[in-house]
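Before I ask anything, here is the structure I am working with.
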Amino acid sequence: MVKNNAIYERGYVYDFHYHLVWVTKYRREVFTTPQLVAEMCEILTATASDNEITVEQVEVMPDHVHLLLSFKPKYAPANVVKILKGASARTWFVAHPETKQLLWDGHLWSPSYYMGTLGNMSKETVANYIQTQRTERGKAGRPNKNANQR
């Protein structure tokens, strides 16, 4: 269930999103037509769906990919990247074996990537909330009975 952008699962709630970017091997321009772009978008969204990864937005450029995604906390971000890059490359090469000639050693993706987290609150807001827990709140985050008497 989704409520206020948070996803409710049995026993836990999460609301985090990742910006994931990776490039083709040697920054070769592989996705050069609208048909090739659409095909890679479909491969990525299908792979994600098969692995409990929610793709919120995808953009395939000639030599790199941008994804905005979310996935359950039980999955490690590095494993999600491995799944998406590995499965998409295998599927791509089945449909487009001629691409291997463009990529000298037959790898579609560079081994590197960028992944950043996104949230509704800034780092400073969360840090301030944590820092003031003991001074403004009593046990278990409940308001301190004496807080209004200061």
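Hey, can you tell me all the residues within the range 81-130 that are under 22 Å from Glu29 (Cβ atoms) and acidic (Asp, Glu)?
Correct list: Glu98, Asp105.
Say we look at the range 1-49 and pick out the residues that are part of a strand (DSSP E or B) and of a type in the set (D, E, K, R); which of these is modelled with the highest pLDDT?
It comes out as Glu9.
Answer yes or no as to whether Val81 is at pLDDT 95 or above, out of contact with any Pro (no Cβ under 8 Å at 6 or more places or on another chain) and β-branched (Val, Ile, Thr).
yes
Next question. Would you kindly identify the strands (runs of 3 or more DSSP E) lying entirely within the range 50-121 that contain at least 1 residues that are touching a residue at least 40 places away in the same chain (Cβ under 8 Å) and surrounded by 16 or more Cβ atoms within 10 Å (Cβ to Cβ)?
In the range 50-121, the matching strands (runs of 3 or more DSSP E) lie at 64-71.
Which one of these does Arg27 not meet: (1) exposed (fewer than 12 other Cβ atoms within 10 Å of the Cβ); (2) within 22 Å of Gly119 (Cα to Cα)?
(2)
The values are calculated or read from the model by the stated rules, or taken from the named source; none is laboratory data. Keep in mind it's a predicted model, so treat the numbers as computed, not measured. As a convention, Cβ positions derive from the backbone with ideal geometry for all residues, glycine included, and neighbour counts pool all protein chains shown.
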